[in-house]
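Below you'll find the structure, written out as structure tokens, and then a few comments.
The values are calculated or read from the model by the stated rules, or taken from the named source; none is laboratory data. Please read these numbers as outputs of a predicted model, since none were measured by experiment. So basically every Cβ, Gly included, is an ideal-geometry build from the backbone, and we count neighbours across all protein chains shown. The area values use the complete protein model at the heavy-atom level, side chains included, leaving out ligands, DNA and RNA. Shrake-Rupley method; radii C 1.70, N 1.55, O 1.52, S 1.80 Å.
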Protein chains: 4
Amino acid sequence: MYSFKNDYTEGAHPNILNALIESNFEQAEGYGEDGYTQKAVELLKQRIGRNDIDIHLLSGGTQTNLIAISAFLRPHEAVISANTGHILVHETGSVEATGHKIISIEESDGKLNYLHIKAVLEAHTDEHMVKPKLVYISNPTEIGTIYQREELEQISRCCKENNLILFMDGARLGSALCSEENSLELSDLGKLVDAFYIGGTKNGALLGEALVICCDSLKTDFRFHMKQKGALLAKGRLLGIQFLELFRDDLYFDLARHANKMAGLLRDEISKAGFRFLVNSPSNQLFPILPNRLITELQKNYAFYIWSELDSDHSAVRLVTSWATKEEAVLAFIEEMKMYN
Amino acid sequence: MYSFKNDYTEGAHPNILNALIESNFEQAEGYGEDGYTQKAVELLKQRIGRNDIDIHLLSGGTQTNLIAISAFLRPHEAVISANTGHILVHETGSVEATGHKIISIEESDGKLNYLHIKAVLEAHTDEHMVKPKLVYISNPTEIGTIYQREELEQISRCCKENNLILFMDGARLGSALCSEENSLELSDLGKLVDAFYIGGTKNGALLGEALVICCDSLKTDFRFHMKQKGALLAKGRLLGIQFLELFRDDLYFDLARHANKMAGLLRDEISKAGFRFLVNSPSNQLFPILPNRLITELQKNYAFYIWSELDSDHSAVRLVTSWATKEEAVLAFIEEMKMYN
Amino acid sequence: MYSFKNDYTEGAHPNILNALIESNFEQAEGYGEDGYTQKAVELLKQRIGRNDIDIHLLSGGTQTNLIAISAFLRPHEAVISANTGHILVHETGSVEATGHKIISIEESDGKLNYLHIKAVLEAHTDEHMVKPKLVYISNPTEIGTIYQREELEQISRCCKENNLILFMDGARLGSALCSEENSLELSDLGKLVDAFYIGGTKNGALLGEALVICCDSLKTDFRFHMKQKGALLAKGRLLGIQFLELFRDDLYFDLARHANKMAGLLRDEISKAGFRFLVNSPSNQLFPILPNRLITELQKNYAFYIWSELDSDHSAVRLVTSWATKEEAVLAFIEEMKMYN
Amino acid sequence: MYSFKNDYTEGAHPNILNALIESNFEQAEGYGEDGYTQKAVELLKQRIGRNDIDIHLLSGGTQTNLIAISAFLRPHEAVISANTGHILVHETGSVEATGHKIISIEESDGKLNYLHIKAVLEAHTDEHMVKPKLVYISNPTEIGTIYQREELEQISRCCKENNLILFMDGARLGSALCSEENSLELSDLGKLVDAFYIGGTKNGALLGEALVICCDSLKTDFRFHMKQKGALLAKGRLLGIQFLELFRDDLYFDLARHANKMAGLLRDEISKAGFRFLVNSPSNQLFPILPNRLITELQKNYAFYIWSELDSDHSAVRLVTSWATKEEAVLAFIEEMKMYN
């Protein structure tokens, strides 16, 4: 049984494990004040191309989302999110648990645009309603689509004009930035969004997300919020060492490119076999629509999620590739798909 | 410079790193539903001697405290804690941030007793005050003292009689249970407290605390709370593998014994040199009272915290040993202490 | 200028003011433990036909909703509400501010049905999502529609079968129960819902909502929650005296019938004049669709809200009547409407 | 039985009830946007002597405290309060329920001073602890003592120098400002504190506290917080009318002076009878130490609280007078006290 269920099925890239072993008996300061973390932060600042940003290393996506959002907002302020947004559906109400409403936007491709935002602002008129204040987007989105530079520039402009905070969930940011359809650089994000994070967990780390705060007014006292929510690891070096390895020699992007390449293989062959997709997703998640009969056969040797049932005979499934996906597994999957088709 | 600042200065025990490497490319389920975590949980149940308990693996002490306490309490219910309690002072108001007041008890040795609890209950009479509901203790306490079986039995009985939840913070539980003065077994905890955790971060793990929920009514839906607070790691195997290593062959206790032995060496020699201690702490934290002049000399080669200034010439310092503390470093420290005394 | 903007434009029914004057210099216990409140509670229990219920008097609808819902739910549990629900849109995220997500249901007539609830339950499968636990309905709904007995019985059955709490917002309950289309009694509510409230503010009181808790497990410690959220009035008599007056001789229903009668007058004449309504609302709120030209004329002498713009020439407006609405004002409004039509 | 239990035992000053009757059938805007509230706010600004302040009318002390404090603070910021502070003990953890820790200061006379504040600041050093940000004082204090101008100036200066918010609970502010020992004016408060409130409930209103926000940065969006916490009354006129009456012709101060005069009568005669007081309280609360035997006799005809037991034969009791306290009741109480002494 080979799994295409997600991109956190294996452990970590060997470079990371080696670095953990090499550094293991060095004594380091706790809570992220160690030298590894400092170096990782410096390296990330270089890659983003700005020195006047704050970077914090956290353990996971939900944790990063809830701490950033609750630190950035006052109690009456709300979040705007696509209705497929991870924070809206798959984080057990973690943002609401910190006191903030999420305003849900109906969309078809996982993406928000500036017109969505304007419509929300127009609908929220007075103190009997929450005050929309933070725009949450993820790149790639929950369904694997990615933002183009122009789209992000429009959203960014709309946010600036309306005094909104623009926050990008980058749990799979590597895959988006390395997509063949991508038009954004890491350095663009430093200019266009107020805060974003670079996901490590889904791209080769044991755990770890690097939160980048670009907007000055959002930086103050951020470590208090991390500690209060249980996110300051005593052995913060664990995160520092990992990001140091991921961004030394741009391993992070190599890993993402591999994931995308494996997804590309699947995408091409599934297309050639005559199947369509639920959505055009140029990143490491694919949503092909397959006959249920074929799905049943494939499930004998492969693990993946049924995403949605489309009619009595067809379903969309989700296939996810990662830095660790083996090309032979992909090829074998393709063979089986062809064989049973 | 050698550090006695804390017990999370080094990485992890080599067995753990080896296990991570060996398992690295196996595909495992996410979010703690992997086989390693299941095995670790089974092993812990054996060691505790009960099958009817729930065990969850989390990343750190503050995280575990805040999730357990907020999951266990209704909004108007409050916590009783010693005024030195970690949750009261050193967790950035994380419990209050989930909505719960902590009632602080003045004490001299870090420990609560059943009379403290009774006094709180008598002082809280109606709905204009919070309702005391959970008793928070830690073993060892914040200042290294430990609970004796009889003391814990009295507290446990008092809690049962008054329908209170008894919760034990075990961030350094290994050191307490392996102390020469200890009279408690892991299996006693399973009977006497409603929930407790077995700290891994401070006893050989990269990160990890095993929360044990003994009381049936506290078990329901606990994973929802973990997810909501950002504590379900995508690669939950990271925690499972570590606890499996720590409790396979009782490595956990060997590590704690080493830490205690190193503390014992320091304790004996500091005593022999004629110095007193702020408190009698039979675990891996010591609080000797030293002349400031001597402290200044020692600080040239050793890192440790000044705990409190006692008079213009003397201060109490905190020395912490761990599974990784090297005996030669301890001996060298003792030599320097004698030399400058 | 005469206002049809809402049903809280005037003060209180004169009986209430007289009762305040008569009782003014009697000394009474504070915080709702006075004799008036006790008598009001007894009287309400009689009207509802159950003695085994708890009744608490609060100041307003948002306050009652947020305290009841936050007292009833654990942190990971969520509310199901129609997408027009008052708590979802018009209470500044007050429920989310207590930590709970509201799951929004798309509907067309303001009402939830049991199929909506089942669909939510099916979509919420594990701990990565909130746990739906409380169904929020209001009667009449936000757009003036009312629940029929059979509809409520279906919802009630669905909630019981799925261990959900059924909560009814009754800010305008009088108008619903006195509607010509109504098939529910106050005593039915005591059997079919777990908690509901009887709105006083919008039916003749200065302020005041009577929360009725029918389900035993929801009763515990409720006054703690009221105090914690700032809802225990020092002079609780103010609420007791008002509900005593409202339910002595069933004044409450007389007042609601008057509001409905005034709405009926408007409804009939607007229909006769050839205008349609956004929704068939048999209570004290009407949503006629009028030409913008006519609206502009009417606004010269009458205050009311524009509810929604339907096309470039037509809008739906909201007309609200109350216990204090004067028949001559209604007739004059009708005259003007006819004149400018 | 005559009650000296508190100052909210009777209804409202007759002027208020008359004003409610006179205005009853006028139609007014809802939620505090009515003309009465606007006039009351203007009048209060005049009395305070500043136009650049925001004033909001709320229903009670706990509500005002919790909304102001939670609106003013970010999640990691904490409150400093005397250990007798009302928010710390008697409000069911309402501040903690909004997420904020209260740091308790041991004192003997109910008052904070600037040295207390400095000590707290020195003890809170990093992000592992909460960040002290708001100083909560009440005038008079929980035990009836009052702040002198110089004391308040010192605290105010300390807060400004350390970027702290100074908030004064004025639930009984009238009694403090009208005390014979008082050296503060309402206009001083407008200069020395960042926000305070003028309590109506305990000085002649049915309910109502006027929150005054002096500091610009605390004003933004305050009504959102009021709505979110259920504090915007639909019939906001109820509060506006009352404060208009209380401050028209300075009735508020006349009422407070009466309460103080009645307390003065009691104080003098209790002193003359040879009894001491727990604390020197120059406002409308007295804490005489009486023989238990005498207390038992007095309790036959008078209601009051036992405050604390001092030895087996003596207790301190609390006697509270108000705007409505009858002189003949005070004299009769004094007679009985003398008779049984």
Filter region C:87-113 for residues that are among the acidic types (Asp, Glu) and within 12 Å of chain A (Cβ to nearest Cβ); which is nearest to A:GLU127 (Cα to Cα)?
C:GLU91
I'm checking my understanding of the structure. Among residues of region C:20-40 that are surrounded by 21 or more Cβ atoms within 10 Å (Cβ to Cβ) and part of a helix (DSSP H, G or I), which one is farthest from the other protein chains (Cβ to nearest Cβ)?
C:ALA40
List the pairs whose first member sits in region B:314-341 and is under 26 Å from B:LEU255 (Cα atoms), whose second member is small (Gly, Ala, Ser) and assigned to a helix (DSSP H, G or I), and whose Cβ atoms are under 7 Å apart, counting only residues at least 6 apart or on separate chains?
B:THR321/B:ALA259; B:THR321/B:ALA263; B:SER322/B:ALA259; B:TRP323/B:ALA259; B:THR325/B:ALA259
Inspect region D:114-123 for any residue being crowded, with 17+ Cβ neighbours inside 10 Å, assigned by TED's automatic domain parsing to the domain that holds D:GLN63 and basic (Lys, Arg) and give the result as yes or no.
no
Kindly provide the set of residues from region A:77-113 that are assigned to a strand (DSSP E or B) and open to solvent by 40 Å² or more (accessible area, probe 1.4 Å), ordered by number.
A:SER104
Condition met for B:ILE67 (within 14 Å of chain A (Cβ to nearest Cβ), crowded, with 24+ Cβ neighbours inside 10 Å and not basic (Lys, Arg)):
yes
Note on region B:132-176: residues in contact with a helix residue (DSSP H, G or I) (Cβ under 8 Å, 6 or more places away or on another chain), within 23 Å of B:ARG74 (Cβ to Cβ) and without any contact (Cβ under 8 Å) to a residue 40 or more places away in the chain are B:SER156, B:LEU166, B:MET168
What are the residues in region C:16-41 that are at negative phi and either aromatic (Phe, Trp, Tyr) or under 22 Å from the mean Cα position of the chain (by Cα) (or both), if any?
C:ILE16, C:PHE25, C:TYR36, C:THR37, C:ALA40, C:VAL41
Picking from A:ALA263, A:ALA256, which residue would you name as being in contact (Cβ under 8 Å) with a residue 24 or more places away in the chain, under 24 Å from A:GLY49 (Cα atoms) and open to solvent by less than 10 Å² (accessible area, probe 1.4 Å)?
A:ALA256
Looking only at region A:1-28, count every residue that is free of Cβ contacts under 8 Å to residues at least 24 places away in the same chain and touching a Gly at 6+ places or on another chain (Cβ under 9 Å) and tell me the total.
5
Check region D:314-322 and report whether any residue there is assigned to a loop (DSSP other than H, G, I, E, B), in contact with a Ser or Thr (Cβ under 8 Å, 6 or more places away or on another chain) and open to solvent by 60 Å² or more (accessible area, probe 1.4 Å).
no
Residue tally, condition open to solvent by 10 Å² or more (accessible area, probe 1.4 Å) and within 14 Å of chain A (Cβ to nearest Cβ), over region B:51-61:
4
When you look at A:LYS45, is it away from chain B (no Cβ under 11 Å), touching a strand residue (DSSP E or B) at 6+ places or on another chain (Cβ under 8 Å), among the charged types (D, E, K, R) and open to solvent by 20 Å² or more (accessible area, probe 1.4 Å), yes or no?
yes
Scanning for something more than 11 Å from chain D (Cβ to nearest Cβ) and outside any helix (DSSP H, G or I), does region C:264-273 turn up at least one residue?
yes
Of the conditions (1) open to solvent by 30 Å² or more (accessible area, probe 1.4 Å); (2) without any contact (Cβ under 8 Å) to a residue 40 or more places away in the chain; (3) touching a Gly at 6+ places or on another chain (Cβ under 7 Å), the single one that B:GLN228 does not satisfy is (1)
Do you know which of the residues in region B:42-76 that are of a type in the set (Lys, Arg) and assigned to a loop (DSSP other than H, G, I, E, B) is nearest to the chain's Cα centre (by Cα)?
B:ARG50
Restricting the search to region B:180-220, which residues are among the aliphatic types (A, V, I, L, M), under 15 Å from B:LEU57 (Cα atoms) and out of contact with any Leu (no Cβ under 8 Å at 6 or more places or on another chain)?
B:ILE213
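Here's the yes/no breakdown for (1) outside the structural domain of B:ILE69 (by TED's automatic domain parsing); (2) in a helix (DSSP H, G or I); (3) open to solvent by less than 10 Å² (accessible area, probe 1.4 Å):
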position: B:TYR136; (1), (2), (3): no, no, yes
position: B:THR141; (1), (2), (3): no, no, yes
position: B:TYR147; (1), (2), (3): no, no, yes
position: B:GLU150; (1), (2), (3): no, yes, no
position: B:GLU153; (1), (2), (3): no, yes, no
position: B:CYS159; (1), (2), (3): no, yes, yes
position: B:MET168; (1), (2), (3): no, no, yes
position: B:GLY174; (1), (2), (3): no, yes, yes
For region B:114-134 the number of residues that are assigned to a loop (DSSP other than H, G, I, E, B), out of contact with any Gly (no Cβ under 6 Å at 6 or more places or on another chain) and at the interface with another protein chain (Cβ under 10 Å from one of its Cβ atoms) is 5
When residues of region B:203-240 are limited to those that are touching a strand residue (DSSP E or B) at 6+ places or on another chain (Cβ under 7 Å), assigned to a helix (DSSP H, G or I) and more than 7 Å from every other protein chain (Cβ to nearest Cβ), the one farthest from B:GLY30 (Cα to Cα):
B:LEU218
